[in-house]
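Only one structure is covered here, and it is reproduced in the block below.
The values are calculated or read from the model by the stated rules, or taken from the named source; none is laboratory data. Keep in mind that this is a model prediction, so the values were computed, not measured. Every residue, glycine among them, receives a Cβ derived from its backbone with ideal geometry; neighbour counts consider all protein chains shown. Calculation scope for accessible area: heavy atoms of the full protein, side chains included, ligands and nucleic acids excluded. Shrake-Rupley method; radii C 1.70, N 1.55, O 1.52, S 1.80 Å.
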Amino acid sequence: MSRTVAAARDTAGSSASAGTSGVEGPAPENASPPSGAGESHAASRPHSARAGAWAELLRLPALFTVPGDALAGAAATGVRPGPRILLAIGSSLCLYEAGMALNDWADRAEDAAERPHRPLPSGRIRPTAALAAAGALTGAGLALAAGAGRSALAVAAPLAAVVWAYDLALKHTPAGPAAMGAARGLDLLLGAAATGGATRAALPSAVLLGSHTLAVTAVSRRETTGGSVLAPLTALATTGALTSLVARRRTRPPAGRRAAAAPGLPGSDPAPTATDVLTAALGAAYAATAARPYFHAALNPSPPLTQRAVGGGIKATIPLQAALAARSGARTTSLLVAALVPAGRLFARRAAMRKVSIT
């Protein structure tokens, strides 16, 4: 829920557009613009600049990694999600964006030295405005969670507390990565709570997603300095372990022998189902997205490759969420989550988003 979870610019959409559309030819040298056109264009530029600054502060392309938390949590309960899951997703989005705004407010002095182009140190957004936005978004997130039910609010409240504690106190401590992992895990449990099902059933998925986030956050702590081989190697090993756990099939005895099967004895191994195949495919997509940049960063832990590793880790969150949903038997939900990958890419390629980092 913060920039330090993953800090890499989306290379597919980070380059600015070169030139104009070319639809209209050049105006005659002495031609005058239509009345009011100059004023209208000048007035639109400050508005566009402000909107761009807020898009950069809130890292809008990264929002596509958020809905899958609640959807994977709902899938884990085995309960068909209803309208309240939309409230849970809205709460997650608000709390995520609150963390983004609060992160830059807390890091404004550090960014002034290391990232002076960011919205706060560059003066495009006032620090008080960023802090007010963080507070307002937190309030909105809690209100939406309350609309999803008491159980959802009971999860959203500690989630908000973890977000604020991370950004204001824990980020630069050894507890920082664990706090970030806890935030992602709680976000998944928020979706489970909104369905009215047992959140205990979603705990394994929350632990897996939280472990992935912990590993990415550990790598991100050296995103500006580089030099760490251990963090990307650990993240690479974590990715392999998570891929294996997500794709592992549960062994069940045949239906006619379940009652007679002795405790502790393995049953027969049935043929893979469509759900098994989908889970394995999504797990492979997760591994392919995260493992390669981790491996490169381990070979050469320079700042650019470390940043790419972090970016790969955060992009891998979506296929992991989809794999967790498929693992729970919710194939439609898993495909819906997986569709957020191309949707996010299309959004990031929009002209207004090309200079906005995913982190």
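Side notes on the structure shown:
Here's the yes/no breakdown for (1) farther than 23 Å from Thr234 by Cβ; (2) in contact (Cβ under 8 Å) with a residue 40 or more places away in the chain; (3) under 20 Å from the mean Cα position of the chain (by Cα):
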residue	(1), (2), (3)
Asp276	yes, no, no
Ala284	no, yes, yes
Ala288	no, no, yes
Asn300	no, no, no
Gln307	no, yes, yes
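- Pick from region 150-184, criterion farther than 24 Å from Thr217 by Cβ and buried (at least 17 other Cβ atoms within 10 Å of the Cβ), ranking: farthest from the chain's Cα centre (by Cα): Ser151
- Scope region 59-73; condition open to solvent by less than 30 Å² (accessible area, probe 1.4 Å) and at pLDDT 95 or above; matching residues: Thr65, Val66, Pro67, Gly68, Asp69, Ala70, Leu71, Ala72, Gly73
- Checking each residue in region 289-316 for being more than 14 Å from Ala215 (Cα to Cα), in a helix (DSSP H, G or I) and out of contact with any His (no Cβ under 9 Å at 6 or more places or on another chain) picks out Thr289, Arg292, His296, Leu299, Pro303, Pro304.
- Test: residue in region 248-268 that is at pLDDT 85 or above and open to solvent by less than 80 Å² (accessible area, probe 1.4 Å): no
- Residue within region 92-110 that is among the hydroxyl-bearing types (Ser, Thr, Tyr), in contact with a Pro (Cβ under 8 Å, 6 or more places away or on another chain), in contact (Cβ under 8 Å) with a residue 40 or more places away in the chain and not in a helix (DSSP H, G or I) present: no
- Checking the stated criteria, Ile125 turns out not to satisfy the condition of being within 25 Å of Ser205 (Cα to Cα), at pLDDT 95 or above, crowded, with 21+ Cβ neighbours inside 10 Å and touching an Asp or Glu at 6+ places or on another chain (Cβ under 9 Å).
- Taking the criterion of being in contact (Cβ under 8 Å) with a residue 12 or more places away in the chain, out of contact with any Asp or Glu (no Cβ under 8 Å at 6 or more places or on another chain) and not acidic (Asp, Glu), the residues of region 222-236 that qualify are Arg222, Thr225, Gly226, Gly227, Ser228, Val229, Ala231, Pro232, Leu233, Thr234, Ala235, Leu236.
- If you check Gly141, Gly147 for being over 22 Å from the mean Cα position of the chain (by Cα) and either at pLDDT 95 or above or among the polar types (S, T, N, Q) (or both), only one passes: Gly147.
- Qualifying position, being farther than 17 Å from Leu189 by Cβ, at pLDDT below 95 and over 15 Å from the mean Cα position of the chain (by Cα), among Pro81, Pro46: Pro46
- Region 212-235, residues that are crowded, with 18+ Cβ neighbours inside 10 Å, of a type in the set (S, T, N, Q) and in a helix (DSSP H, G or I): Thr213, Thr217, Ser220
- When region 159-170 is filtered for residues that are touching a helix residue (DSSP H, G or I) at 6+ places or on another chain (Cβ under 6 Å) and closer than 19 Å to Leu214 by Cβ, the ones remaining, listed by number, are Leu159, Val162, Val163, Tyr166, Asp167, Leu170.
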